[in-house]
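Accompanying notes for the structure given below.
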Amino acid sequence: MKIGLIGLNQTGKTTLFNLLTGRGDGMQPSGKGSANMGTGAVPDERIDFLSGIYNPKKTTYAKLDIIDVAGFAVSSDGRNSGAAVFLNDVRPCDALVHVLRAFAAEAVPHDMGDIDPARDLEAVETEMLMADLEMIEKRIGRIKAGKKITKENEAELALLERCFKWLDDGGSILEMEMEDAERLAIKSFAFLTEKPRIAVVNLDEGQWETAAWPNQEALKELCERLNIPLIKLCVETEMEINRLPEEDKALFMEDMGIEQPGIAVLARAVYEHLGLISFLTVGEDECRAWTIENGTIAKHAAGKIHSDIERGFIRAEVVKYDSIKELGTMAKVKENGLFRLEGKEYVVADGDIINFRFNV
């Protein structure tokens, strides 16, 4: 799962990247160069608890691959620079996180003069929509210029013309109604407006404490209209807290009213918006969280670990995390009849602790 951090210049995007990937101040803004790439471990108290029981050789959290996409500037006259690099870096991402600037800093002036996160969000969304329209126009032109138009070309042309009209009316490919076969047919285009999006409004300490920032209602209304979840983070302050000794971090987070670290807040939003869950595996060698789509059956979840386990699937031994947390040991869980054997069609639930029986 590749998560792209996107936005205009000077939004705190690279600082958020450093925070999420644990890089401290080691990564500088990507500017007009290639994107920064890193991995963020998703905090999970379930894995912490299970590791305390099993004392494994290795503890592995779910991970998000995070890409700090090069920002671009939009001036007050609407012209932009760096958009081509931005668009190329965005296409491989599975989901996008708009990083929106609400903080004020005289030393770092905003490219468009004043602070307006709603305007900035609309600017980036418009850039992506226009890129999709341009791609469709070019493909339609190539089809129509061909010497022979096949039935497949005709079907593609009809679908692309529908997509163009939908986008031209202000919609996004993600929200457009399509048959599964149609959705599959356009997958290779990697339309930008088909990618799920989340918005992070980057606040300063005063805004965090008052829960207020410039054009707040306009941003909330825009996110609701675009079906983009909105979360708020105080990125610079959290980065400063992250530099403190471990014994001081919790105290300062509590003092600031920060209940969870930024990576946990973002991961929860990503999981909920994309329909993802985690199942868990435990043992003396490793305690680990595995990310899958909600609704995944046991046999396919086994394939997340290894294709041989899916191919030779026999049964899934399933225990609910809440059961072992309440009773303390797997032995007590079994004594209380809370250990189950499930077949390949069992739909895995979030927090299931699973041991797969297989034979190849």
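The values are calculated or read from the model by the stated rules, or taken from the named source; none is laboratory data. Bear in mind that the values here come from a model prediction, so they are computed numbers and not experimental data. Here the Cβ positions follow ideal geometry from the backbone for every residue, glycine too, while neighbour counts run over all protein chains shown. Side chains are part of the model used for accessible areas, which takes the heavy atoms of the whole protein and leaves out ligands, DNA and RNA. Shrake-Rupley method; radii C 1.70, N 1.55, O 1.52, S 1.80 Å.
Summary table
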| quantity | calculated |
| --- | --- |
| Single residue of the stretch 239-255 satisfying the filter (open to solvent by 20 Å² or more (accessible area, probe 1.4 Å) and in contact (Cβ under 8 Å) with a residue 40 or more places away in the chain) that is nearest to I292 (Cα to Cα) | N242 |
| Residue match in the stretch 285-293 (condition: touching a residue at least 12 places away in the same chain (Cβ under 8 Å), under 24 Å from L50 (Cβ atoms), surrounded by 16 or more Cβ atoms within 10 Å (Cβ to Cβ) and touching a Pro at 6+ places or on another chain (Cβ under 7 Å)) | yes |
| The stretch 260-294, subset of a type in the set (G, A, S) and in a loop (DSSP other than H, G, I, E, B), residue nearest to L174 (Cα to Cα) | G275 |
| Long-range neighbours under 8 Å by Cβ, at least six apart or interchain, first residue farther than 11 Å from C93 by Cβ within the stretch 58-70, second part of a loop (DSSP other than H, G, I, E, B) and among the acidic types (D, E) | K58/D285; Y61/D44; A62/D44 |
| Cβ-Cβ under 9 Å pairs, at least 6 apart or on other chains, the stretch 103-132 side over 15 Å from F72 (Cβ atoms) and in contact (Cβ under 8 Å) with a residue 60 or more places away in the chain, far side of a type in the set (F, W, Y) and assigned to a helix (DSSP H, G or I) | D132/F164; D132/F189 |
| Check on V282, under 27 Å from G52 (Cβ atoms), more than 28 Å from the chain's Cα centre (by Cα) and among the hydrophobic types (A, V, I, L, M, F, W, C) | no |
| Meets criteria (farther than 30 Å from L5 by Cα, surrounded by 13 or more Cβ atoms within 10 Å (Cβ to Cβ) and hydrophobic (A, V, I, L, M, F, W, C)) for A298 | yes |
| Residue within the stretch 101-108 that is crowded, with 19+ Cβ neighbours inside 10 Å and of a type outside the set (D, E, K, R) present | yes |
| Within the stretch 121-180, considering residues that are at pLDDT 90 or above and among the hydroxyl-bearing types (S, T, Y), the one farthest from A102 (Cα to Cα) | S172 |
| Residue list for the stretch 314-328, restricted to those being in contact with a helix residue (DSSP H, G or I) (Cβ under 7 Å, 6 or more places away or on another chain) and either loosely packed, with under 13 Cβ neighbours inside 10 Å or under 20 Å from I277 (Cα atoms) (or both) | A316, V319, Y321, S323, I324, K325 |
| Given (1) touching a residue at least 24 places away in the same chain (Cβ under 8 Å); (2) under 28 Å from the mean Cα position of the chain (by Cα), number of the condition E342 does not satisfy | (2) |
| One residue from I258, I228, I173 being open to solvent by less than 50 Å² (accessible area, probe 1.4 Å) and either touching a Pro at 6+ places or on another chain (Cβ under 8 Å) or closer than 19 Å to A118 by Cα (or both) | I228 |
| Number of the condition not met by I309 [criteria: (1) touching a Phe, Trp or Tyr at 6+ places or on another chain (Cβ under 7 Å); (2) β-branched (V, I, T); (3) assigned to a strand (DSSP E or B)] | (3) |
| Verdict on N215 being open to solvent by 50 Å² or more (accessible area, probe 1.4 Å), under 27 Å from D114 (Cβ atoms), out of contact with any Phe, Trp or Tyr (no Cβ under 8 Å at 6 or more places or on another chain) and in contact (Cβ under 8 Å) with a residue 24 or more places away in the chain | yes |
